[in-house]
Amino acid sequence: MHRPIRAALALLLLLAFVMPACTLARGGTARKQSGPSFKAVTGKYTVRFQAHSGAITVTPAGKRAGLAIREIPGGKKLDLLYGVQHVRHTGHTYSLSGKVPWASFTLALNLPAATPGLLHLTLNLTLKKNPPNAKNFAADVQVQGAPASSLKEYAPAPPVAGTSVMMSDTALGSTALYLANFTTLGTYFDRTQTGAEQSIFTYPGAGTKGALVGSTGSGSFGYPIPASDLGSLPHGKTTRVLDSYLYLLPSIPGNEAEVAQTYLQLLGTVYDVLPKPSIPGADWQSLAAQEENDLLDPANLVTVDGQRYLRSYVSDTRSAPELITQAAVLAGVKAYEARFHTTLPLDAVLESSLPSFYDPQFHSIVNGLGHDPSATGESWYFVTNMISLLQLAQLGSPNARTLLLNSTDAVISLAHANNYEFPLTFRYSDWNGQGSGLQSDVAGGYAWLMLGLYDLTKDDRYLKEAEASVAHMAGKGFNLAYETHMSAYGAAAAERLYSMTKDTQYRGDALLALANLFHATRLWDCTYGLCRKGSGYHTYFGLNPLPWSDYIAMLEQYEAWLGLRDYLTYAGNEPGYVRDLVQGFVDASPRTLQYSLPTRLPSGAATSAAGEYPFVPHNNLTWDIPLEDLRTGRQTSGTIGQEIYGAGGPFMFAAYGP
């Protein structure tokens, strides 16, 4: 053989070995291809693109079925990927650029080597003219080669907080999480006058409210960018319209605990690679001191039978003080006093008010004053009040300890009368609330309370109550959460029981509670609308107080923060993706919640006219008393009012925060 021929063959063999798993030209393979293409592998999945298909496909090893990613979904004329003209490959990123009659674009696909199975997509769009109308409703990730019925959604995304949806598909043998990072889409939301407070997919119990991500029910899931919104973009200006992660695992969870763990693994892994916003810290010691001055303003106090009480809201016209306000704020005050070795005037006012909330005929605390034979209550209110009394007893309040111990038989009766399935409402006369609906996560809050009583008294009865109650968290799936801070306390209680007994069922219960909580937590930061006005404000890691609500509330957030701080003391052996999520919540909450104080918001972000309740006519935006509702984007905060009953938060952040 001639030497030049041998050299040419050697060169061809060398190229065959070193060529990457992608084809970046219009050809270069044994089969003729139409248009730019590439092929890559991430974990157990092969990722392919061919321009003539208009899709990036993701196929599990050994499977014929797969997923097709289409940007923008809704028909061939909308799908930009049919217009790809160039594919460039740098490191682990593939850049697809091109144009269609209505726009030019660049879509970047990153396949992080450190996280096999993870795809990160960003799409920048420059409009030339208005896009065509969508021919059909579809999300951007679509099942192909398998029936739509093989695709399962585990839970719809809650309003505003919900930016992710977990799916599994039996034909693919895989579970996937789709997460949209709205933090980077602020310019898009501003230019289109849209945002995460709008909805494409509704959430159960939330009316028309819902999320921008979800499952269509017809074989697709993700974020279907509305063509009508794209038409609002300015022509000739480049705008990022998509920043999404698709993370796949080659397995399907088999039971509830595995579902929860898989969700947290997917979510926590994506969270670890998400860019983290920079949020300034708050001087909570000074803010809490100022808040105390504001709380002691005569307008925020009401006198009943010679005893002074805090009202529940700023401008509250009722003369009906509530225990939830006195006890929760006092717990924060005493924690603040313990840390800073001081005594606040508010302490004496609230401490002296506690005994008036004990009803000797019910042998229990009640949330209001006086005896009403037909009185009813909500489970989460009752258990939250008992938790506040427990916190106070631990901090040395004699009144709180007496009330707590005198009411323990009552709260146990509530649990037993309803078989630990805590009702929406119950009668104090017999503790029965069956048929009124459930507040399922109160079982976890109750367990946390019982463990605290066990620590206080060393009575094994309370430990057994905790064990019995935690068992009733199971079986609820992503419907466990009602008052989300109860889910946080439930996670702490279950994880502590797991550390004490090594019974893995408790660990599963803790993971379920955490999955519910983080499903309703903002892993994104608002960067549009009022959030950008003036010096701006942040909503990162903000928690929906109820899954179907669409705002951040101080009370539920700081109580959840206390619960998750406790969880971390027992979770040292949990995987990093779980601990990172929890630590992220603990770190971010004191920073984000400063913006629930109206003095920390830019002018115009909060309203001085409340109005949701007829007995709360206005806010005082000069006071450092938290707004009940910190909102997002173009929504004005404070429409519910300023929650004095959540005013324990600044004291707690000052006492236990950084």
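The values are calculated or read from the model by the stated rules, or taken from the named source; none is laboratory data. All values reported here derive from a predicted model rather than from experimental measurement. Note that we place each Cβ from the backbone using ideal geometry, even for glycine, and neighbour counts take in every protein chain shown. Side chains are part of the model used for accessible areas, which takes the heavy atoms of the whole protein and leaves out ligands, DNA and RNA. Shrake-Rupley method; radii C 1.70, N 1.55, O 1.52, S 1.80 Å.
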Legend entry - Cβ-Cβ FRET estimate between Thr126 and Thr569, R0 fixed at 51 Å, reported to 0.05: 0.50
Legend entry - Folded to 0 to 90 degrees: helix 504-519 orientation relative to the chain principal axis, Cα: 80 degrees
Inset, instruction - With only Lys, Arg, Asp and Glu charged, each at its Cβ (+1 for the first two, -1 for the last two), find how big the charge dipole of segment 62-128 is about the Cα centre; round to the nearest 20 debye. - result: 220 debye
Legend entry - Selection from Tyr537, Leu555, Leu511, by position along the positive dipole direction of segment 458-566 (Cβ): Tyr537
Legend entry - Anchor Lys152: aspartates and glutamates whose Cα lies under 13 Å away (excluding residues fewer than 8 positions away in-chain): Asp169
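Would you mind calculating the gained length between His363 and Ala417 on full extension (0.36 nm times residue separation, minus the Cα-Cα distance), in nm to one decimal? Intermediate results must be reported in sequence, preceding the final value.
On the way: separation 54, 0.36 × 54 = 19.44 nm, distance 1.56 nm.
Value of the extension gain: 17.9 nm.
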Inset, instruction - Work out the length of the dipole vector of segment 496-640 about its Cα centre, built from +1 on the beta-carbon of each Lys and Arg and -1 on the beta-carbon of each Asp and Glu, and round it to the nearest 20 debye. - result: 360 debye
Legend entry - Under the Karplus curve 6.51 cos²θ - 1.76 cosθ + 1.60, θ = phi - 60°, whole-Hz ³J(HN,Hα) for segment 279-295, x wherever Gly or Pro sits: 10, x, x, 10, 8, 5, 4, 5, 5, 5, 4, 5, 4, 4, 4, 5, 5
Legend entry - Range in the chain, longest, excluding exposed chymotrypsin sites (Phe, Trp or Tyr not before Pro) [loop by DSSP; at most 15 other beta-carbon atoms within 10 Å]: 138-614
Inset, instruction - Step through the table entries Lys129/Lys533; Lys99/Lys128; Lys77/Lys129; Lys464/Lys502; Lys76/Lys209, compare each Cα-Cα distance with 18 Å, and write down the pairs that go over it. - result: Lys129/Lys533; Lys76/Lys209
Inset, instruction - Could you point to the label whose value was computed as mean projected area of the Cα convex hull in nm² for the structure here, given (1) 39.6; (2) 32.9; (3) 31.4? - result: (2)
Inset, instruction - Please list, in chain and number order, the residues 5+ apart from Gly641 or on another chain whose amide H is under 5 Å from its amide H, with Hs placed from the backbone. - result: Glu628, Asp629
Inset, instruction - Using the charge dipole of the chain (Lys, Arg: +1 at Cβ; Asp, Glu: -1 at Cβ; taken about the Cα centre), state which of Ala493, Gly195, Gly475 has its Cα farthest towards the positive end. - result: Gly195
Legend entry - Unit charges at the beta carbon, dipole of the chain: most positive-side option, Ser603, Asn432, Tyr656: Ser603
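Report the calculated FRET efficiency for Lys77 and Glu153 (r = Cβ-Cβ distance, R0 = 30 Å), to the nearest 0.05.
Taking R0 as 30 Å, the efficiency between Lys77 and Glu153 is 0.60.
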Legend entry - Under 13 Å from the Cα of Lys135 - aspartates and glutamates, other chains or at least 8 residues apart: Asp79
Inset, instruction - Calculate what fraction, in whole %, of the accessible area of segment 55-95 sits on carbon and sulfur atoms when a 1.4 Å probe is rolled over the protein chains. - result: 47 percent
Inset, instruction - Enter the angle in degrees (range 0 to 90, nearest 10) between the Cα long axis of helix 379-394 and the first principal axis of the Cα atoms of the chain, meaning the one along which they spread out most. - result: 70 degrees
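For Arg240 and Ser499, compute 0.36 nm times the residue count separating them, minus their Cα-Cα distance, and round to one decimal in nm.
88.6 nm
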Legend entry - Estimated [θ] at 222 nm from DSSP helical runs (n ≥ 4, -39500 (n - 2.57)) normalised by residues in the chain, nearest 500: -11000 deg cm²/dmol
Legend entry - Hz values of 3J(HN,Hα) by residue in segment 539-545 - Karplus curve (6.51, -1.76, 1.60), Gly and Pro given as x: 10, 4, 6, x, 10, 5, x
Inset, instruction - Please work out the Kirkwood hydrodynamic radius for segment 340-451, using every pair of different C-alpha atoms, and report it in angstroms with one decimal place. - result: 14.5 Å
Legend entry - Length-normalised contact order of the chain in % [C-alpha pairs under 8 Å, at least 6 apart]: 12 percent
Inset, instruction - Scan the chain and hand back the longest stretch that contains none of the trypsin sites (Lys or Arg not before Pro) lying in DSSP loops with at most 15 other Cβ atoms within 10 Å. - result: 319-457
Legend entry - Dipole moment magnitude, nearest 20 debye, the chain about Cα centre, only Lys, Arg, Asp, Glu C-beta charged: 4640 debye
